[in-house]
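Single-structure report; data block below.
Bear in mind that the values in this text are calculations on the coordinates, not laboratory data. All figures in this text were calculated on a predicted structure; none of them were measured in a lab. Positions of Cβ are backbone-derived with ideal geometry, glycine not excepted, and every protein chain shown enters the neighbour counts.
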Amino acid sequence: MPMYDPTLTQHATGAAIKTVEAHQDPQEITYHASWYCPFTHRGWITLEEKNIPYQYREINIYKHDENYDHFLEINPKGLVPALEYHGKALGESLILTEFLEDAYPEAQPALWPADAFERAYARLWVDYVAKSIVPAYFRLIQAQGEERQAAAREEYYKILRTFADLVKGPYFLGEQFSFVDVAIAPFVVRDTVLKVKRGYERAEVGEKWKAYAETVEKRPSVVKTTSNIEDIIQFYGPYLRDEADSQIAKATRQGNAI
Ligand SMILES: N[C@@H](CCC(=O)N[C@@H](CS)C(=O)NCC(=O)O)C(=O)O
């Protein structure tokens, strides 16, 4: 079981706590979530964005209780988030967000473009977020020593610039807020961890990135699902010391993705 920090808050804080409180009644969807988790955040943004009814259930993967036992039963991989729908469950944040669009076609806004080519193009960039941006984010968080941190920071800047150059503005695809923005938004709001602890500056990536990041972090669905940044920074403590033993932390150490 991953390392547990007993002083860490066990529930959402800040704006996100109100959203949790507003979603306690049973619904067709139960969202098994952890307040600090960037992958959880993607599905949560999607649910809020599309105004789909859901029950939020906090899963503490560090301290097992009844919620956790049920979660593990329906989702044996044990990674949050999991989405429970009519007694069946889906894991993997990017897959369950797609499911929401397919299962609730009437729920607006649509997060995939209607045009087939545009949709494939959006998928390419969701894939880039998952395979290039997210691993580089964790490499920078877990990098130890100034030299390695500087190298990881430069690498992260470079990877973000490739993405930022293609931002049409205000969102990645232009006027439409899409799954590309959903995929990256949790890592945009969590870049304060890098700013405070790793010397990262948005402006170093470029002005276009800075403007995009400021737009994404102000999106109401993102604001409503984000806890206080001090709590998020505290959550990353073991990662910042490279002591975390979660699957993603281990994969990062071994140079793999999960
Ligand atoms: N690829 C997964 C990653 C999910 C993930 O790594 N979740 C973390 C919390 S942020 C987790 O459940 N870790 C538990 C563990 O590693 O044992 C997704 O996109 O949903």
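Hey, rough spin-label estimate for Gln27 and Ile233, points 7 angstrom out along Cα→Cβ, what's it come to in nanometres?
Between Gln27 and Ile233, the simple spin-label model gives 3.2 nm.
With all pairs of different alpha carbon atoms counted, what Kirkwood hydrodynamic radius in Å does region 1-63 show?
Final number for the Kirkwood radius of region 1-63 is 12.4 Å.
Would you mind getting me the FRET efficiency between Asp5 and Lys218? Use the beta-carbon distance for r and R0 = 30 Å, nearest 0.05.
Plugging the Cβ-Cβ distance into 1/(1 + (r/R0)^6) gives 0.50.
For the chain, what is the mean residue ellipticity at 222 nm derived from helices alone (per DSSP H run of n ≥ 4: -39500 (n - 2.57); sum divided by total residues; nearest 500 deg cm²/dmol)?
Estimated from H runs of four or more residues: -15000 deg cm²/dmol.
Quote the FRET efficiency, to the nearest 0.05, computed for Asp127 versus Gln254 with a Förster distance R0 of 25 Å and r equal to the Cβ-Cβ distance.
0.75
Starting with the highest mean, order 102-115, 9-22 by the number of other Cβ atoms within 10 Å, averaged over the residues of each peptide.
Packing proxy ranking, top to bottom: 9-22, 102-115.
Could you size up the charge dipole of region 120-258 around its Cα centre, putting +1 on the beta carbon of Lys and Arg and -1 on that of Asp and Glu, and report it in debye to the nearest 20?
200 debye
Which peptide among 66-75, 36-45 comes first, and what is the full order, when sorted by highest mean count of other Cβ atoms within 10 Å?
Listed from highest to lowest mean packing, they are 36-45, 66-75.
In whole Hz, what ³J(HN,Hα) sequence does region 176-192 give by Karplus (6.51, -1.76, 1.60; θ = phi - 60°), x for Gly and Pro?
Those phi angles translate into 7, 6, 10, 4, 5, 5, 4, 5, 9, 3, x, 8, 5, 5, 8, 6, 4 Hz.
Give me Arg119, Arg241, Arg219 ranked fewest to most by other Cβ atoms within 10 Å of their Cβ, as a rough exposure proxy.
Arg241, Arg119, Arg219
Between Asp165 and Ile17, how high is the FRET efficiency from 1/(1 + (r/R0)^6) when r is the Cβ-Cβ distance and R₀ = 45 Å? Nearest 0.05.
0.75
Can you sort Lys77, Lys250 from fewest to most other Cβ atoms within 10 Å of each residue's own Cβ?
Ranked by crowding around the Cβ, least crowded first: Lys77, Lys250.
Among Gln108, Ala151, Gln254, whose Cα projects farthest towards the positive end of the dipole of the chain, with charges put on the beta-carbon of Lys, Arg (+1) and Asp, Glu (-1)?
Ala151
Per residue, how big is the convex hull around the C-alpha atoms of region 116-253? Give it to me in cubic angstrom, could you?
104 Å³
Taking just the alpha carbons, could you work out the radius of gyration and Dmax for region 15-103, both in angstroms?
When restricted to Cα atoms, region 15-103 yields Rg and Dmax of 11.7, 34 Å.
Could you put Arg139, Arg161 in order, starting from the residue whose Cβ has the fewest other Cβ atoms within 10 Å?
Fewest to most other Cβ atoms nearby, the residues stand as Arg161, Arg139.
Starting at 0 and stepping by 5 Å, how many percent of the alpha carbon pairs of the chain end up in each bin?
For the chain, the binned pair fractions read 1, 6, 13, 18, 20, 18, 13, 7, 3, 0, 0 percent.
Full extension from Lys197 to Ala150: what is 0.36 nm times the residue separation minus their Cα-Cα distance, to one decimal in nm?
Length difference between fully extended and current span is 15.7 nm.
Write down, largest first, the equivalent ellipsoid semi-axes of region 45-147 in whole Å, where each equals the square root of 5 times an eigenvalue of the alpha-carbon gyration tensor.
Square roots of five times the eigenvalues give 26, 25, 11 Å.
Which of the GluC sites (Glu not before Pro) across region 177-245 are loop residues per DSSP, with 15 or fewer other Cβ within 10 Å?
Glu201, Glu243
Determine the gain in length on full extension of the stretch Ile95-Lys210; use 0.36 nm per residue of separation and subtract their C-alpha separation, reporting nm with one decimal.
38.6 nm
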